[in-house]
Amino acid sequence: MLERAITYNDLCISPSELYEQMGYGDAVPDASVLSEIDGMTADVKPFLRPRFCFFIAPGTLDLERNTLTSCGKEFTIGRIIARQLRGSDAFAFFVATAGVMFEAFQQRLMTEGDMVKVFVADSMGSVIAEKTADCMEEELQAYIADNGWKHTNRFSPGYCGWHVSQQQKLFSLFPTPAPCGVKLTDSSLMIPIKSVSGVIGLGKNVRKLEYTCGLCDFKQCYKRKRK
């Protein structure tokens, strides 16, 4: 398993990405909100250590049953994901997280009761987790390049018809019970909350496509918001 710890600067977060996550779309927040963002960014930068890890394993797709079997575990991934993974020669299973220190930072803000800061931190944490997963994809592509492989989009339990309860199976594949310090609750919630996990298809004949939001009815999906 490959694991990395990175910094806030490695994430290359643009202001527009934060504004979009906060619900501003293409607009720019007012001066008071911008001040909160700047202050929180300054607070977070010194301690933030996002982490990601991944490992690669063979697997078998069943396009009739919409399942992926790997490492002795069968995942019911749904029709959308199964078709996006077609042509894969292997699969990368991953975890990416904003980290336990950011989780503690959020909890402290909650106890202080400043809901503007809580909102800004929540939005920032979501962007940090996704950008950490983006960094993971870049590292993964460099790792597989010598094979002449490419990779698909990343897909996570809880999205596109893959039930969130299958996080339990996914985490059982990792050589450590808490990859990157991320643990699961009994209800399959990841702690730290600002974390991403899932699978990516690898091979010479796979493609990274636009997310097929038109085929999915999950209105709260973060990919739908990004699109």
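The values are calculated or read from the model by the stated rules, or taken from the named source; none is laboratory data. Everything numeric in this text was worked out from a predicted model, so none of it was measured. Please note: Cβ atoms are built from the backbone with ideal geometry, for glycine as well, and neighbour counts cover all protein chains shown. The area values use the complete protein model at the heavy-atom level, side chains included, leaving out ligands, DNA and RNA. Shrake-Rupley method; radii C 1.70, N 1.55, O 1.52, S 1.80 Å.
Helix 31-44 axis versus longest C-alpha principal axis of the chain: approximately 60°, rounded to the nearest ten. Can you tell me which aspartates and glutamates have their Cα less than 19 Å from the Cα of residue 194? Leave out same-chain residues fewer than eight positions away. Partners within reach: 3, 10, 17, 20, 43, 103, 122, 130, 134, 137, 186.
Across the cross-link table entries 117/208; 131/183; 117/183, which are compared at the Cα atoms, the separations over 31 Å belong to 117/208. Against the chain, whose longest principal axis comes from its Cα atoms, helix 100-112 is set at around 40 degrees. GNM remark for the chain: springs join alpha carbons under 10 Å apart, and the peak mean-square fluctuation among 159, 19, 143 falls on 143. Dividing the mean sequence gap of close Cα pairs (under 8 Å, 6+ apart) by how many residues region 70-141 holds gives a relative contact order of 37 percent.
When you filter the GluC sites (Glu not before Pro) in region 57-149 for DSSP loop state and at most 10 other Cβ atoms inside 10 Å of their Cβ, you are left with 64.
Measuring nothing but how far apart in sequence close Cα pairs (under 8 Å, 6+ apart) lie, relative to its length, region 13-158 scores a relative contact order of 27 percent. Of the accessible area of the chain, computed with a 1.4 Å probe over protein heavy atoms only, carbon and sulfur atoms account for 51 percent. Residues considered: 160, 53, 71. Largest GNM mean-square fluctuation over the chain, using C-alpha springs under 10 Å, is found at 71.
Listed values for region 128-134 are Karplus-derived 3J(HN,Hα) couplings in whole Hz (6.51 cos²θ - 1.76 cosθ + 1.60, θ = phi - 60°), namely 4, 4, 5, 5, 5, 5, 4, and x replaces Gly and Pro.
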